[in-house]
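Q: Below: one structure in structure tokens.
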């Protein structure tokens, strides 16, 4: 009898963490005047997003452009690595980390699939012993960030696309998936063991 390899795929923001890591990083590291000016200039866009009129990726790319356009990639990666080591662990839910460690102890392959920035997740993942990170990448030209995304935002169906690119035929694996939002629905749908909001207080509604 063939035994399928087991893979545990975790969303990051809101599932492993209590809050949004990209937002927390920007608030902590972008100079306050630049942060305030960017948010003020994009007030109508933020309102449009809240009303469902502005696409998620358009808003995200616009804000990241305002915050990071022209920044040297190596400097931002160093800043992100410091923040991920010092501040990101404070956002991690202990119950989520315990479950992740359990999968590792069983020999399961652990994958992070998140719309968060890859440059934030990769340092944290390395420290946690996780090799596979599927996350949102920032475009770099001649060593500097443009502020645009390099490829699609890793949200919704894109998580499944990235997972298939990593693993191949998903039917060959026993998949465990953990998510907390609409952006995880497609990932949960392709998994045999799908868990929604597992590390929150009881009483949260199902999707």
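Q: Is the shape of segment 136-207 best called rounded, prolate or oblate, per the rule: a/c under 1.5 gives rounded, else a/b larger than b/c gives prolate, else oblate, with a ≥ b ≥ c the square roots of the Cα gyration tensor eigenvalues?
A: Oblate.
Q: Can I ask one more? What is the P(r) of segment 5-196, as percent of Cα-Cα pairs per 5 Å bin from 0?
A: Reading upward from the zero bin: 1, 7, 15, 20, 20, 16, 11, 6, 2, 1, 0.
Q: Considering the chain as a Gaussian network with a 10 Å cut-off on Cα pairs, which listed residue, 125, 47, 113, attains the greatest mean-square fluctuation?
A: Comparing 125, 47, 113 in the GNM, the peak value goes to 47.
Q: Explain nothing, just the number: relative contact order of segment 56-207, from Cα pairs under 8 Å at least 6 residues apart, as a whole percent.
A: Answer for segment 56-207 is 21 percent.
Q: Let me ask something additional. Restricting to segment 5-196, compute how many DSSP beta bridges are antiparallel as a %, nearest 5. Don't jump to the answer; show the numbers that get you there.
A: Values: 5 of 23 bridges.
Here the share of antiparallel DSSP bridges comes out near 20 percent.
Q: Take every Cα pair under 8 Å in segment 1-144 that's 6+ residues apart, average their separations, divide by the length, and report that relative contact order as a whole percent.
A: 36 percent
Q: With the chain treated as a Gaussian network of Cα nodes joined by springs under 10 Å, which of 132, 169, 150 yields the largest mean-square fluctuation?
A: Comparing 132, 169, 150 in the GNM, the peak value goes to 169.
Q: Something else: Please work out how much length the chain gains when fully extended from residue 139 to residue 82, using 0.36 nm per residue of separation minus the C-alpha to C-alpha distance, in nm with one decimal.
A: 18.4 nm
Q: Using alpha carbons only, how many degrees (0 to 90, rounded to 10) separate the axis of helix 94-105 from the longest principal axis of the chain?
A: The angle comes out at about 50 degrees.
Q: Can you give me the Cα centroid spacing of segment 126-186 and segment 5-66 in angstrom?
A: Comparing the Cα centres of segment 126-186 and segment 5-66, I get a distance of 16 Å.
The numbers here are math on the coordinates, done by the rules we state, and not lab data. Small disclaimer: the values here were computed from a predicted structure and weren't measured.
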